[in-house]
1. Does the protein assembly as shown come out rounded, prolate or oblate, given a ≥ b ≥ c as the square roots of the eigenvalues of its C-alpha gyration tensor, rounded meaning a/c under 1.5 and, failing that, prolate meaning a/b above b/c?
2. I'd like the FRET efficiency for C:Asp45 and B:Asp235, computed as 1/(1 + (r/R0)^6) with the beta carbon distance as r and R0 of 60 Å, rounded to 0.05.
3. Using only Cα atoms, locate the centre of the stretch B:368-383 and the centre of the stretch B:330-345, then give the distance between them in Å, rounded to an integer.
4. Please average, across the residues of B:380-387, the number of beta carbons from any other chain that are within 10 Å of each residue's own beta carbon, and give a whole number.
5. Counting each DSSP H run of 4 or more residues in the protein assembly as shown as -39500 (n - 2.57), what helix-only mean residue ellipticity at 222 nm follows after dividing by all residues, to the nearest 500 deg cm²/dmol?
6. So if each residue of separation counts as 0.36 nm, and I subtract the Cα-Cα distance between A:Arg230 and A:Asp294, what length gain in nm does that give?
7. How large is the charge dipole for the stretch A:1-98, taken about the Cα centre, if only the Cβ atoms of Lys, Arg (+1) and Asp, Glu (-1) carry charge, to the nearest 20 debye?
8. In whole Å, how far is the Cα centre of the stretch A:304-318 from that of the stretch B:67-119?
Amino acid sequence: MSELTFTPVIGLEIHVQLATKSKIFCSCSTDYIGAVPNTNVCPVCLGLPGSLPVLNAKVVEYGVKAALALNCTVNTATRFHRKNYFYADLPKAYQISQYDLPLAEKGYVEIPTEDGGRYHVRITRLHLEEDAGKLVHEASDGRLVGADQSFVDYNRGGVPLAEIVSEPDIRSAAEAKEYVARLRQLVRYLGVSDGDMEKGSLRVDANISVKCSDGRWGDRAEVKNLNSLRALERALEYEFKRQSQLLAEGKTVTQETRHWNDVEGVTMATRSKEEAHDYRYFPEPDLPPLLLPDGYVDKIKETMPELPWQKVDRFEKSYKLNETDAMILTEHIPLADFYEACVKAGASPQRASNWVRTEVLRIMNEQKIEIEDFPIKPAVLAQLVSKVDDNKISTTAAREVFDMMAARRISLEEAMSECGVEEGGISGSNLENMVRGILKNNADVVEIIKTGQDKKGKKQKFLQGLIMKEARGQADPKEAASVLAQLLEE
Amino acid sequence: MELFELSVAQIIEGLQNRTFSASEVFKACLNRAKMLEPRISALLSFTEESGMAQAEAVDKALASGEKLGPLAGVPFIVKDNMCTKGIPTTCASKILAQWKPPYNAAVVDFLDEAGAILMGKANLDEFAMGGSTEHSAYGVTSNPWKLDCVPGGSSGGSAASVAAGYVPFSLGSDTGGSIRQPAAFCGIYGLKPTYGLVSRRGLVAFASSLDQIGPFTRTAEDMALVLDVISQKDDHDSTCSRRSRPDYKKALRADSLKGRKIGLIKETLGYKLDPEIKEAFDKTVKFCKEQGAEIVEISLPTMIEYGLPCYYILAPAEASSNLARFDGVRYGLSEDAASLIDLYMKTRAEGFGVEVKRRIMVGTYVLSSGYYDAYYLVAQKVRQLIKREFVNAFKSVDTILLPTAPTPAFRKGELVNDPIQMYMADVFTLPVNLAGLPGLSLNAGFSKDGRPLGVQFIGSWWGEEDLLSIAALHEKAYGTAPIAQGGVC
Amino acid sequence: MAVSADDIRHVAALARLEITDDEVQAMHQHFEEILGYFNRLNELDLEGIDAFALKVDEEIPWREDKAVQSSVREDALDEAPYRHGDFFRVPRIVEED
């Protein structure tokens, strides 16, 4: 009997919080993180009787921007619908969303594949809707199940969301991770969202089913509670295994919602006592149709910033960088800007690329800071790098100066002075004096050489090493060797 | 003439001329109301203290020569489904017993800014669902002309208070006839404006695409004065038009209906009407002719036969969604419950009356999976058909005349247990809401046993001025209706 | 389309209305009557009618993106049937196993 193989079929539903100042249907602030509960609320987002929604213009703009960047067709005539259901975090007992006519459709996200190729994950639709409030559960573990009571905070209720649904084109957990990473980068590039999974401004729900090589195709499971890219990847890998196992054993996979437990590393079926929701969608009568005026989409197109792949392309061409390096530098706009400022201030593109990718990122990691707070300004880094470009100081010396500036937050001149680094390197009488000093401190080694016992020249090499170390690369090795030899003769 | 018998215009004039003070007017109205309330039960609450304080403030301002708002010192009453800040707004339901909104409805703010003085909140059919004000959780309102009859509904309390002389004007809301029908039953003017003319912000929604707030008055001039104030634009209602509003008072100056075309709906002419209603209707047709209007027969086949089912699918559907927010969590009644689902089930079962439950159930059903296409979608299409017929009709006429209701006020208890019979009474009013048109009911006489007989004029979209001019001419010809005494001489 | 007592119970559950057997009976009766009226709409020719045309007679402008602090917070929380400090409280949402 031939062995069965299994293929995952994955689709992702992503909710992106749009970073507008006010909510989608009222003027309350969207800044709910850390805010005192129920302070950014008004009759509209509390669902008080008699309240009415009024659409935020910026939400439309950000929605269209995201749609364009996702290569979608923007529908210029759409409408809002009411999605009716009862839940503690939903004040009106309906969510204003979009149903049969989403703001945008039929787009794609391009992701790199493991074999170095490119793959399009198609996007079915992008639509606008309002977020729900937040629940705090009174249970020992803070979880929903078994909590005797819960507390509702409507600060988040009404924050604008763009829901982005992909086709089930994703073929592995790794691809899923890549898709989310690209999408996250995109919304940050556009400035339409913080795209932060931990903070909840980018939320991912995954749908995964498994196809068997013998033709069977299990039902799909919806996986929720994925709070990081890592969780997404692990959860999908787990689900794939679980579902494949069931199919291998001849069992069926139930269509259900499963909750990812990051601590245990498993997905668990959620207990849903209710029957499947009947949302009773109907067009929202409190809002007119959403009609984008003539030229609106074109105008947004004009204000689109450079997108990630465009930046990578430009970096490759203008700065003669390879794709990998270009992708690292353009991962976040602030880092890309930092790099470009460096080059503009005179650093050679290639060397600046090396420095930013290695040294700058290293310091950022060590000090746990963002590029915006980097202690060395691009222009200053450019100065340092230029010195290396012009052979005025060695790379090694430059690194020391760099580290000193990063650690002590002092100027380039001060750091060079502190490190004892001089331009032009150590040569001539300075070099001679330095070598003399080293010979003095290693008199026993000198003795061995002078008495002809250094047959293989190892000791001399050792001294050479000390000299180069002391010089911190600022001495020309040939000159140092010759001075050493000379002084040893004495 | 008693102070409570004065119209809005007369109060304004009297205050200007220092004939009397705002405090005197307010006290007179208050006393009138208190005297008749035991018989009529039009009100759910009084705002006596705040009202008196406002009246005194108006007097002070008058004395110091300050510029006052256009309705300064005029007492008014508002249907209890419109939010009044810090003042209980119950919608005549147990589920909102003693709920105090933290904000005013837009129209309340507008009237407040204009200097008008709130005197109380009026009874209604619970959540505006009904045609008799018998479905209130807080008691039945009586028709001031005949106490054993209903005042109409759902704005029965608002209509009764104006008819009985509590106040010169009040506000009601109209979703399927809830201003016009009580106006007809109570012998006063009741206007449902074009959908989108008056802001719905702060009106507890029944059916969002059909609801409109409108005034009850005893004179045509008062109608224009109040409409001027409440029809202001409001950026906080996305269905409220931003068009500039005309000065409605100008419409009162019409001196004839010459050149005007008044349409009679072929399909209503054969409808079984109470004979006295028919008489009043015929009399009004004659009046229009006498004023120089041309009478044109128009055909609106769909509205009479199919308007009712269309409305009774759409209105409950929207209501089922609008009333879902009453769940015991943020305001109102909240039953003891160990689980969230119990909280919902028990609170709503306990808090809603039987007619409201009926409509929520029907509305939920017609939106539910498997039935949306058969009912809701079909009804929306029929609505478009009805609207289209009106569009065509208004190509050949300016205004349409038809009865407001097929009968005068019926007796209490007569229809309350027969919901569908009750619904039938809306046959002439609800198509107007479906099309979003303005409609005015005016008094065209009294039945032999003293019940008012109303007729209805329907204007084209934004055609309030046409309606006001007709009302002004009608009043000139027939005089202002007297104030109901509520069984008291 | 005929409606059954179970349908009525299902609708009541959707609408979160606790309903007694008597009420189911009465509601069932009402439904039967009113659905009869509704079905009359099928007599009409609705061919080609767009129920939700995507056009407007008047453009209502969108709202400017400005955050404004509302003042209703305290009043709104005060009106809560069960206020818990800064929160609205609800009883158990999901039963324990």
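1. Since a/c reaches 1.5 and a/b is larger than b/c, the shape of the protein assembly as shown is classed as prolate.
2. The pair C:Asp45/B:Asp235 has a calculated efficiency of 0.90.
3. Each part reduced to its Cα centre gives a spacing of 31 Å.
4. For this peptide, the per-residue mean of nearby foreign Cβ atoms is 4.
5. Calculated from helices alone, the mean residue ellipticity at 222 nm is -12000 deg cm²/dmol.
6. Fully extending the segment from A:Arg230 to A:Asp294 adds 18.7 nm.
7. Roughly 440 debye, rounded to the nearest 20.
8. 59 Å
The values are calculated or read from the model by the stated rules, or taken from the named source; none is laboratory data. Keep in mind that what you see is a predicted model, and the values were worked out from it rather than measured. Cβ: placed from backbone, ideal geometry, glycine included. Neighbour counts: every protein chain shown. All accessible areas refer to the heavy atoms of the entire protein, side chains included, with ligands and DNA or RNA removed. Shrake-Rupley method; radii C 1.70, N 1.55, O 1.52, S 1.80 Å.
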